[in-house]
């Protein structure tokens, strides 16, 4: 999977790219692992959530509920933090960036009007 580099890139890791207008989530769609492009203007809210054994840490791809969808991330079991993106639709993408603080800063700088929340308890079903 190749994520395209742009001049106004604010964050990049193995599965996510944030530029001035778009968040690209690599390996999102099952079973072809196609990328999902999300216009940053569509993001209504972002929730930072802890990952636990029962709350998403072992969810490599997909979800146990129809409300969330996690892109393919084989390194998710070693991560501590995820982000739930509210796009104003029934299904909310869940991403687990390699550098959560840099990812959050990139989203905040690109769309400062987006509401951010920090969840101290894990979300089950993520």
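Of all positions in the range 25-39, none carries a residue that is in contact with a helix residue (DSSP H, G or I) (Cβ under 9 Å, 6 or more places away or on another chain) and either at pLDDT 95 or above or surrounded by fewer than 13 Cβ atoms within 10 Å (Cβ to Cβ) (or both).
Among the residues of the range 40-51, those identified as surrounded by 13 or more Cβ atoms within 10 Å (Cβ to Cβ) and either at pLDDT below 85 or not in a loop (DSSP other than H, G, I, E, B) (or both) are 40, 42, 45, 46, 47, 48, 49, 50. The condition of being part of a loop (DSSP other than H, G, I, E, B), surrounded by 15 or more Cβ atoms within 10 Å (Cβ to Cβ) and in contact with a helix residue (DSSP H, G or I) (Cβ under 9 Å, 6 or more places away or on another chain) holds for only one of 88, 56, that being 56.
Tell me, please, whether a residue that is closer than 20 Å to residue 30 by Cβ and surrounded by fewer than 16 Cβ atoms within 10 Å (Cβ to Cβ) can be found in the range 104-119.
We begin by selecting, within the range 104-119, every residue closer than 20 Å to residue 30 by Cβ; these are none.
No.
Evaluate the range 1-10: report whether one residue or more is outside any loop (DSSP other than H, G, I, E, B) and surrounded by 13 or more Cβ atoms within 10 Å (Cβ to Cβ). The answer is no, given that none of the residues of the range 1-10 is outside any loop (DSSP other than H, G, I, E, B) and surrounded by 13 or more Cβ atoms within 10 Å (Cβ to Cβ).
Looking only at the range 91-110, which residues are assigned to a loop (DSSP other than H, G, I, E, B) and in contact with a strand residue (DSSP E or B) (Cβ under 6 Å, 6 or more places away or on another chain)? Before the answer, list the steps.
Filtering the range 91-110 down to residues assigned to a loop (DSSP other than H, G, I, E, B) leaves 91, 96-99.
If the condition is that a residue be assigned to a loop (DSSP other than H, G, I, E, B) and in contact with a strand residue (DSSP E or B) (Cβ under 6 Å, 6 or more places away or on another chain), then 91, 96, 97 are the ones that fit.
Here is the figure for the range 29-49: residues that are within 13 Å of the chain's Cα centre (by Cα) and in contact (Cβ under 8 Å) with a residue 24 or more places away in the chain total 10.
Within the range 68-85, the set of residues being in a loop (DSSP other than H, G, I, E, B) and either within 15 Å of residue 28 (Cα to Cα) or without any contact (Cβ under 8 Å) to a residue 12 or more places away in the chain (or both) comprises 71, 72, 73, 74, 75.
The values are calculated or read from the model by the stated rules, or taken from the named source; none is laboratory data. Quantities reported herein were computed from a predicted structural model and do not represent experimental measurements. In this analysis, Cβ positions are derived from the backbone assuming ideal geometry, glycine residues included, and neighbour counts consider all displayed protein chains.
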